[in-house]
Every structure is written in structure tokens, then in C-alpha cells.
Amino acid sequence: MRTRLSNKAGTEKRCFCDTLLLQIEKVSLSFAGPARPDAPENIRLLLINQCTSLTNKACSFLNCSTTGLCHQPESIIDLFLGSEFCLQPPGDSPTRKSVFDSLVSGCIPVLFDPFTAYYQYPWHLPEDHGKYSVFIQQEEVRQMKVHVVERLMNISVRDRENIRMFIVYELLPGLVYGDSNSQLEKFQDAFSKTINNLLGRLNRLK
């Protein structure tokens with residue numbers, strides 16, 4: 001869960017979170033990744049087709065097959081900072097680092113496999129997955145029973161705002177690594193959360 005954004009303290013932290021929420025969305029949703037045409041069971045190509053077929057530019061696609069931009073963290077973060085929803089289909093495995101890139105950018109991750117994030121990170125992500133993400137069954141996408149963009153656009157503005165506020169103010173401090181020179185009394189960064197949970201587990205074993 002390493003990120004290039006550093007944790008901040010006090011007023012500075014508040015201002016940073018406010019800045020994420022006040023980002024003017026250039027697109028409603030985005031996806032960064034290759035199509036994986038050699039894996040027909042993968043839903044990526046379907047999602048890309050849904051995204052690129054929109055005429056109102058509501059979806060932005062960063063093609064990792066033809067550009068080297070996906071190897072530049074700044075390109076991914078800039079894309080997610082300008083998006084409300086970030087599509088996170090499985091790749092070679094269900095887990096995706098990109099989920100955390102979207103969270104630290106204030107973008108709502110849209111998951112299609114529960115093993116992408118729901119079971120592996122109990123110390124850093126809440127059990128109530130609906131607080132920070134949207135889940136759509138990948139089988140429904142594969143069978144074309146759901147149009148992902150339409151499903152996401154049907155989520156009320158209030159619900160979107162609530163999810164983004166939870167991500168930015170509740171989750172984000174515990175997903176980044178703090179600057180050792182900052183005063184972190186008010187916040188637990190990712191390292192502090194991990195150590196505290198490890199110590200708690202050891203105490204329970206005694």
C-alpha cells in the first residue's frame with residue numbers, strides 16, 4: 001500500500017483533504033490499464049468498450065498497452081484526481097495496487113471481485129465495504145446484464161459525496177506513510193496502524 005503522497009498533520013492535513021474533495025471532476029469515471037485481449041474471460045475489454053463508446057466524455061481511459069504513462073505514478077494520480085469513480089477490474093490476480101492509488105486520490109474504487117480488496121486488509125479498510133467503494137458483480141458485466149457507467153450514474157450525488165468524504169477524511173490518513181518530521185498525534189498512518197494491530201494481536205496471544 002505504498003504511496004508517494006506523504007501524511008500531513010493538523011491544519012495542513014485538513015487543507016490537503018479539502019483540496020481532494022474540491023477537485024473539479026473533469027470526468028465522471030476512469031480506467032487505467034491494458035485490455036488483456038489474450039484473456040477473454042477478463043471483463044477489461046468490455047469495460048473499455050463501455051467507457052470509450054460514451055460521446056459525452058464522461059469516462060476517461062488511459063491505455064497502458066500503447067503508452068508508457070501507466071509506469072509514471074504522476075499520470076495515474078492525475079487521472080484519478082480528476083475522476084469521481086475509478087474502475088478496478090481484476091488483472092493477473094484479483095488484487096490491484098491501483099485500488100489504493102484511487103483511494104489516496106479521493107476517487108471511489110469500483111470493484112468487480114471481492115478478493116480485490118475486501119478480505120485482505122482488515123486493519124486498513126472497514127468491514128462495511130459500501131462506505132468506501134462500489135461493488136458490481138463481474139459476471140453481470142461479462143453477461144452484459146449491467147452497463148457499468150449507467151449503474152454508477154444512478155448513484156445519487158449525496159451518496160457519492162458521502163463515500164468520498166469517508167475516503168478522504170476517515171480512510172486516507174491510515175493509507176499513507178507519515179513524514180517523520182510531522183506531528184502525527186492526531187492521525188495514525190499506515191505504519192502506525194500496522195504496528196498497533198500487531199501489538200494488539202500479540203497481547204491477545206499472551
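If the condition is being among the β-branched types (Val, Ile, Thr) and either closer than 13 Å to residue 172 by Cβ or open to solvent by 40 Å² or more (accessible area, probe 1.4 Å) (or both), then the stretch 100-121 contributes 104, 108. Could you list all residues from the stretch 96-138 that are aromatic (Phe, Trp, Tyr) and either outside any helix (DSSP H, G or I) or at pLDDT 95 or above (or both)? Across the stretch 96-138, the qualifying residues are 112, 118, 119, 121, 123, 132, 135.
Scanning the stretch 84-98 for residues that are buried (at least 18 other Cβ atoms within 10 Å of the Cβ) and out of contact with any strand residue (DSSP E or B) (no Cβ under 8 Å at 6 or more places or on another chain) yields a count of 2. Can you name every residue in the stretch 53-83 that is open to solvent by less than 60 Å² (accessible area, probe 1.4 Å), of a type outside the set (Gly, Ala, Ser) and in contact with a helix residue (DSSP H, G or I) (Cβ under 6 Å, 6 or more places away or on another chain)? Matches in the stretch 53-83: 59, 61, 62, 64, 76, 80. For first residues located in the stretch 139-157 and touching a residue at least 60 places away in the same chain (Cβ under 8 Å), partners that are part of a loop (DSSP other than H, G, I, E, B) and lie 6+ apart or on another chain with Cβ distances below 8 Å form the pairs 141/43; 141/112; 142/41; 142/43; 148/136; 149/54; 149/58; 153/58.
Kindly check whether there is at least one residue in the stretch 22-29 that is modelled with pLDDT of 75 or more and not acidic (Asp, Glu). Scanning the stretch 22-29, I find at least one residue that is modelled with pLDDT of 75 or more and not acidic (Asp, Glu), so the answer is yes.
For the stretch 81-95, the tally of residues that are touching an Asp or Glu at 6+ places or on another chain (Cβ under 6 Å) and outside any loop (DSSP other than H, G, I, E, B) stands at 1. You will find that of 168, 146, the residue that is touching an Asp or Glu at 6+ places or on another chain (Cβ under 7 Å) and either assigned to a loop (DSSP other than H, G, I, E, B) or modelled with pLDDT under 95 (or both) is 146 and no other. The residue that is farthest from residue 101 (Cα to Cα), counting only those in the stretch 126-155 that are among the hydrophobic types (A, V, I, L, M, F, W, C) and open to solvent by less than 50 Å² (accessible area, probe 1.4 Å), is 146. Remark: pairs (first residue in the stretch 56-81, of a type in the set (A, V, I, L, M, F, W, C); second residue surrounded by fewer than 15 Cβ atoms within 10 Å (Cβ to Cβ); Cβ separation under 8 Å; 6+ apart in sequence or on different chains) = 58/153; 59/52; 61/52; 77/4.
The values are calculated or read from the model by the stated rules, or taken from the named source; none is laboratory data. Keep in mind the model is a prediction, meaning the values are calculated, not measured. Positions of Cβ are generated from backbone atoms using ideal geometry, with glycine treated the same way; all protein chains shown enter the neighbour counts. Please note that ligands, DNA and RNA were not included when accessible areas were found on the heavy atoms of the full protein model with its side chains. Shrake-Rupley method; radii C 1.70, N 1.55, O 1.52, S 1.80 Å.
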